[in-house]
1. Cβ-Cβ under 7 Å, sequence separation 6+ or interchain: first residue in the stretch 56-77 and in contact (Cβ under 8 Å) with a residue 60 or more places away in the chain, partner in a loop (DSSP other than H, G, I, E, B) and of a type in the set (Gly, Ala, Ser). Which pairs?
2. For residues in the stretch 54-97 being polar (S, T, N, Q) and within 35 Å of the chain's Cα centre (by Cα), which is nearest to Ile136 (Cα to Cα)?
3. Considering only residues of the stretch 121-171 that are in contact (Cβ under 8 Å) with a residue 24 or more places away in the chain and of a type in the set (Phe, Trp, Tyr), which is nearest to Ser103 (Cα to Cα)?
4. Restricting attention to the stretch 203-212, does a residue exist that is over 11 Å from Ser290 (Cβ atoms) and in contact with a helix residue (DSSP H, G or I) (Cβ under 6 Å, 6 or more places away or on another chain)?
5. Residues Val85, Val100: which one is in a strand (DSSP E or B) and either in contact with a strand residue (DSSP E or B) (Cβ under 7 Å, 6 or more places away or on another chain) or modelled with pLDDT of 85 or more (or both)?
6. Here are some residues: Ala109, Ala145, Ala137. Which one is among the hydrophobic types (A, V, I, L, M, F, W, C), assigned to a helix (DSSP H, G or I) and at pLDDT below 80?
7. What number of residues within the stretch 164-191 are open to solvent by 10 Å² or more (accessible area, probe 1.4 Å), within 11 Å of Ser289 (Cα to Cα) and not β-branched (Val, Ile, Thr)?
8. Starting from the stretch 189-203, keep only residues that are at pLDDT 80 or above, then list their pairs with residues that are hydrophobic (A, V, I, L, M, F, W, C) and not in a helix (DSSP H, G or I) whose Cβ atoms are within a distance under 6 Å, requiring at least 6 positions of separation or different chains.
Amino acid sequence: MSKLGNLGARLYRGEVGYDFIGKRKIWYGVSILITITAILGLAVRGLNMGIDFEGGAVFTTPKTSISAAKAEEYATEASGHDAIVQELGTGGLRIQIAGVDTSKSDQIAAELSKDLGIDADKINADLVGPSWGETIANKAWQGLAIFMVLVVIYLAIAFEWRMALAALVALIHDITITVGIYALVGFEVTPGTVIGLLTILGYSLYDTVVVFDSLKEQTKGIEKQTRWTYSDIANRSINSTLVRSINTTIVALLPVAGLLFIGGGFLGAGMLNDISLSLFVGLAAGAYSSIFIATPLVADLKEREPKMKALKKRVLAKRASAAAQADAAAVVGHQADGQPVSEPEDAAPAGAGPRNQPPRNRGRGRPSGKRR
């Protein structure tokens, strides 16, 4: 078995583990800091909305020797708006100008034909009106809102309202970070971006539900025992699914990273950036939120219940009693033998077990407390 597989098995059995719940305030602080940075990016830079949302024009030219950078300068001067120019496989150019008045498209095409040295009738223009862009934006928001409502309803029925609320907070966390990264990087927001957002929300929800399902199974009959608190079991649920979450996240990120860094970066396929960036950032944020946000938040909400408070009080009282008995047994052993007695993690009741009895090899002609 590989080292990672062996670690996963030990995490699943509870032999080792990391205290995610105990350090939840650290993760909350990290998430708040990242979220504030994303919101500031949105407020300062804003989103670079594509023509599908703002309206505009796309001009396609035949093969030309003009570079994309030079054509971008010509298009900006002709339209008075920022232009995005991409080189096509045919040797032509795709000139995208968002926010431009479509009534001026003929004028812009005429000026481009002069600057690029191409006949005006050979420049193809595709126009998107502002009303169409507004309709697309409204549909995107409606789809996102419907998705959120369905998620909350499903989780409230399948699990409970606290888990539904925690999952909703995690999803909003993922959306905010992803959109903020878009604002900071300046990538264009297109319908592909919206598709990417909905995709990563589904992935994040899937990863969160896996942990919630494990937590639900392990907390059945929790009030009948006094060994574990709800937070203890929540922490065990995260650890038992940790390696699985890491593996699935890495496997999902690898092809998306290929689209973003190789396709969009090295190969220059800029059309892939709109969806690949949302997938890459969203998948990473979704894995983070399912481990460090959703489950710790459920534990916080759950332990506000009176019955969970009572359970925690009983568990802590039992642990304190066991620790006190272990300390008493250690003192007795130290006084009897002159050596401290090591105790296991779960101290047994006082008077139980051989550690309260004097060593068998004493009293054979040697002074007490000395060994050969």
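The values are calculated or read from the model by the stated rules, or taken from the named source; none is laboratory data. Being a predicted model, the structure only gives us computed values, none of them experimental. Note: ideal-geometry Cβ built from the backbone for every residue, glycine included; neighbour counts use all protein chains shown. Ligands, DNA and RNA are excluded from the accessible area calculation, which covers all protein heavy atoms including side chains. Shrake-Rupley method; radii C 1.70, N 1.55, O 1.52, S 1.80 Å.
1. Sorted first by the residue in the stretch 56-77, then by its partner, the pairs are Gly56/Gly99; Thr60/Gly92; Thr61/Gly92; Pro62/Gly92.
2. Ranking the qualifying residues of the stretch 54-97, first place goes to Gln96.
3. Checking each candidate, the answer is Trp132.
4. There is no residue in the stretch 203-212 that is over 11 Å from Ser290 (Cβ atoms) and in contact with a helix residue (DSSP H, G or I) (Cβ under 6 Å, 6 or more places away or on another chain).
5. From the options Val85, Val100, the qualifying one is Val85.
6. Ala137
7. 2
8. Within 6 Å, the pairs are Val189/Leu47; Val189/Met49.
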